[in-house]
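Here's the structure we're looking at; comments come further down.
The values are calculated or read from the model by the stated rules, or taken from the named source; none is laboratory data. Computed from a prediction, not measured in an experiment: that's the story for all the values here. Backbone-built Cβ (ideal geometry, glycine too); neighbour counts: all protein chains shown.
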Amino acid sequence: MNSAFAVLALVAALGVCASAQAAGDPAAGKEKAAPCAGCHGPDGNSGVPNFPKLAGQHESYLLKQLKEFKSGVRKNQIMSGQVAGLSEQDMADLAAFYAEQSVQHGKADPDLVDEGQKLYRGGNPASNVSACSACHGPTGAGNPAAKFPVLAGQHAEYTVAQLKAFREAGHVDKATFEPETAPGRGNDPGRMMQNIAVTMSDDEIEAVASYVQGLR
């Protein structure tokens with residue numbers, strides 16, 4: 001766990017050193033977002049729990065994900081098709097638009113909130129599960145410089161799917177791991193989320209995802 005935090009600190013410190021990129025135009029992004037509304041809602045508040053809410057997400061994180069869907073580093077058949085024709089400017093504009101929207105928060109399952117809060121704030125030292133708040137903050141606001149996403153208000157179903165995808169990729173041996181070919185979710189700098197997710201049980205994943213859904 002200590003080595004994982006060391007990597008996190010390094011990524012956070014270097015996050016501001018990203019290469020120059022096109023400045024996003026939210027107004028242009030609104031026009032370009034029309035095809036996205038079917039899955040993510042007109043303002044980025046998806047009404048379908050397995051499609052993520054984009055509203056209020058960090059612009060830097062959204063842009064990174066769009067680029068990685070396009071390059072194939074992050075795998076998703078639907079999104080790969082959607083981004084195939086997007087330019088760098090298009091992706092920057094979309095990211096800027098969604099970042100300006102306000103997320104609609106959900107509610108945590110009362111039966112899971114205590115366990116979810118414990119894991120989110122303090123992890124599980126017995127099984128080496130790191131506290132989510134160490135990177136995503138006490139309120140789930142994330143860290144835009146390090147491209148750690150906002151978690152607060154995200155659909156629990158989507159968060160569960162992502163944690164399980166990170167866990168699947170995390171089981172691939174270091175010697176053979178390639179982000180583009182790994183099962184699950186391979187776009188994970190330093191394999192940070194993979195290394196955390198492999199220590200989590202299904203019950204822990206469900207609990208923390210539910211807690212995040214109600215976090216604000």
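Values as computed for the structure displayed
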| read-out | value |
| --- | --- |
| Some residue of the range 125-136 being of a type outside the set (A, V, I, L, M, F, W, C), surrounded by 21 or more Cβ atoms within 10 Å (Cβ to Cβ), closer than 22 Å to GLN65 by Cα and in contact with a helix residue (DSSP H, G or I) (Cβ under 9 Å, 6 or more places away or on another chain) | no |
| Where a residue in the range 30-56 is touching a residue at least 60 places away in the same chain (Cβ under 8 Å) and within 12 Å of HIS105 (Cα to Cα) and its partner, wherever it lies, is small (Gly, Ala, Ser) and buried (at least 16 other Cβ atoms within 10 Å of the Cβ), with Cβ under 8 Å and at least six apart | LYS53/GLY41; LYS53/GLY44; LYS53/SER46; LYS53/GLY153; GLY56/GLY44; GLY56/ALA99; GLY56/GLY153 |
| Selection status of VAL150, crowded, with 21+ Cβ neighbours inside 10 Å, closer than 18 Å to ALA131 by Cα and in contact with a Phe, Trp or Tyr (Cβ under 7 Å, 6 or more places away or on another chain) | no |
| Options LYS75, LYS53: the member that is part of a loop (DSSP other than H, G, I, E, B), among the basic types (Lys, Arg) and within 19 Å of PRO144 (Cα to Cα) | LYS53 |
| Number of positions in the range 53-104 that are closer than 20 Å to HIS155 by Cβ and among the aliphatic types (A, V, I, L, M) | 10 |
| Scan of the range 172-197 for residues that are among the charged types (D, E, K, R) and either touching a Gly at 6+ places or on another chain (Cβ under 6 Å) or under 18 Å from LYS75 (Cα atoms) (or both), ordered by number | GLU178, GLU180, ARG185, ASP188, ARG191 |
| Qualifying positions in the range 164-216 - outside any helix (DSSP H, G or I) and of a type in the set (Ser, Thr, Tyr) | THR181, THR199, SER201 |
| Close pairs (7 angstrom Cβ cut-off, 6 or more residues apart or separate chains): on the phi > 0 side of the Ramachandran plot in the range 183-203, aromatic (Phe, Trp, Tyr) anywhere | GLY184/PHE166 |
| Residue within the range 97-106 that is assigned to a helix (DSSP H, G or I), among the charged types (D, E, K, R) and surrounded by fewer than 18 Cβ atoms within 10 Å (Cβ to Cβ) present | yes |
| Candidates ALA96, ALA156, ALA134, ALA141, filtered to the one that is over 16 Å from VAL198 (Cβ atoms) and assigned by TED's automatic domain parsing to the domain that holds GLY41 | ALA96 |
| Positions within the range 60-89 being of a type in the set (D, E, K, R) and within 12 Å of the chain's Cα centre (by Cα), in sequence order | LYS64, ARG74 |
